[in-house]
Amino acid sequence: MRILVTGGAGFVGSHLIDRLMAQGHEVLCLDNFYTGHKRNILQWLDNPYFEFIRHDVTEPIRLEVDQIYHLACPASPVHYQYNPVKTVKTSVMGTLNMLGLAKRVKARLLLASTSEVYGDPDVHPQTEEYRGNVNPIGIRACYDESKRVAETLCFDYHRQNKVDIRVARIFNTYGSRMLENDGRVVSNFVVQALKGIPLTVYGDGSQTRSFCYVSDLVEGLMRLMNGDYVGPVNLGNPDEYTILELAQKIQNMVNPDADIQFAPLPSDDPKQRQPDITKAKTLLGWEPTVPLQEGLKLTVEDFRQRLGASS
Ligand code: NAD
Ligand code: UDP
Ligand code: UDP
């Protein structure tokens, strides 16, 4: 098949491309390098079945493809809040353009949506039926609300134009190739521990997250894309930790001498998050296989090599 991956030079997208190329597909990677990097796709640049398109997804584009994994959008709060208007444009206009493309060429489109559509949830764990608790005017809204609109667009194109869609609600995912300055919690703590500087826990660290290793997520995305269920489907690892527990885990693993420092909690930071993955288990036969301890080891090793190489 000929498969388009938008945001393919980013963290999740590049891992997905590795799997698609290994399966023998022809892959088109579309990215504007906002948070993505050429080194993530370097190994494929000379491959005749791989094509890189430097393009901003907010602009229309005509391509001929069978499937579209639509991932283009910054995912870390630091990056999506840097230019919030651009984040809304990327998520809304980008998804509109990809749906227009999917409609024209009759391609199946999978949207990388997010657990952020549940906001600061008052239902725990979160099922797909929960409609969320999002602050529409807060600093996270540019991401949360625009992903909600992206989901709306998918379902309206599905109902109105019969576009074949899949919607994944992705929960916190980590792994190799995260940017050193990504700003998300796992990469921050690992980089801090490796550099021997204090690990910055925001608030008192009692807020929770559930962390999925990237290879597990990619497997879930591919099963959703190639299955019959439209979604939305939660994809994440249900093992839930407080942020302080995560800091201590990484501290013990990497550098017991590194301090833990408390910093102010950003506004609208969700207090708890854990996916209910019953749907993914029963409809896709999918569940995560990489425990946090193991995934963290792989992530630490990747950062160790990259930090070593850059110093
Ligand atoms: P990432 O920032 O590493 O990747 C995003 C990619 O999109 C980057 O390569 C970036 O350059 C590209 N991009 C951004 N704006 C663009 C634009 N206007 N035009 C073209 N390309 C653009 O993030 P990620 O963690 O790989 O996330 C991928 C997708 O998964 C995102 O849609 C994100 O919302 C979703 N998601 C990720 C997580 C997670 O924990 N990683 C959780 C929920 C949802
Ligand atoms: N679009 C695109 N590539 C295509 C087809 C459409 O980028 O191959 C864009 C198109 O420019 C528009 C959006 O997708 O901005 C929605 O397209 P649609 O055909 O649904 O709506 P319309 O063009 O009528 O607004
Ligand atoms: N966080 C933290 N220290 C950091 C970065 C993040 O304590 O250096 C916290 C953040 O406040 C949030 C959690 O870790 O409660 C997860 O943050 P991240 O940005 O990774 O993802 P999201 O908030 O989008 O789930």
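All of the numbers you see were taken from the coordinates with simple rules; none came from a lab. Here the structure is a predicted model, which means the values were calculated and not measured. Positions of Cβ are backbone-derived with ideal geometry, glycine not excepted, and every protein chain shown enters the neighbour counts.
Let me know the volume per residue of the alpha-carbon convex hull for segment 172-306, in Å³.
Enclosed volume per residue, from the Cα hull, is 105 Å³.
The angle between the Cα long axis of helix 11-22 and the longest principal axis of the Cα atoms of the chain comes to about 50 degrees, rounded to the nearest 10.
DSSP beta bridges fully contained in the chain are about 10 percent antiparallel. Here the Debye sum runs over all C-alpha atoms of the chain as equal scatterers in vacuum, and log10 of I(q)/I(0) at q = 0.06, 0.12, 0.15 Å⁻¹ comes out as -0.18, -0.77, -1.25. Straight-line cross-link reach from LYS89 at under 21 Å between alpha-carbon atoms covers these lysines, not counting any fewer than eight positions away in the same chain: LYS103, LYS147.
Each Lys or Arg adds one and each Asp or Glu takes one away; over the other residues whose Cβ falls under 15 Å from the Cβ of GLY132, this sums to -3. Site pair ASP259 and GLU245 shows an inter-label distance of 2.6 nm when each label is modelled 7 Å from Cα along Cα→Cβ.
The distance linking segment 101-139 with segment 254-311 is 21 Å (Cα centroid to Cα centroid, whole angstrom). Segment 207-243 and segment 27-72 have their alpha-carbon centroids 23 Å apart. Within segment 93-154, the GluC sites (Glu not before Pro) that combine a DSSP coil assignment with at most 15 other C-beta atoms in a 10 angstrom radius are GLU129.
Between LEU110 and ILE68, TYR69, HIS70, ARG166, the built amide H atoms are under 5 Å apart, and every one of these is 5 or more places off in sequence or on another chain.
In summary, the lysines within cross-link reach of LYS297, defined as a Cα separation below 30 angstrom excluding same-chain residues under 8 places away, comprise LYS38, LYS195, LYS249, LYS271, LYS279, LYS281.
Between the helical axis of 84-105 and the longest alpha-carbon principal axis of the chain there is an angle of about 30 degrees.
For segment 114-127, putting each phi into the Karplus relation 6.51 cos²θ - 1.76 cosθ + 1.60 with θ = phi - 60° gives couplings of 8, 4, 5, 5, 8, x, 8, x, 9, 10, 9, x, 8, 9 Hz, in residue order, rounded to whole numbers and with x for Gly and Pro.
Among VAL134, VAL85, a tally of other beta-carbon atoms within 10 Å of each Cβ gives an order, fewest to most, of VAL85, VAL134. Angle check, please: helix 141-161 long axis (alpha carbons) against the longest principal axis of the chain (alpha carbons), in degrees 0 to 90, nearest 10. Helix 141-161 sits at roughly 20 degrees to that axis. Taking Cα centre as origin and charging only the Cβ of basic (Lys, Arg, +1) and acidic (Asp, Glu, -1) residues, the dipole magnitude of segment 1-70 rounds to 160 debye.
In the chain, the DSSP-assigned H stretches of four residues or longer account for a calculated mean residue ellipticity at 222 nm of -12500 deg cm²/dmol, using -39500 (n - 2.57) per stretch and the full residue count as denominator. Note on segment 1-142: Kirkwood hydrodynamic radius from all Cα pairs is 16.0 Å, rounded to one decimal.
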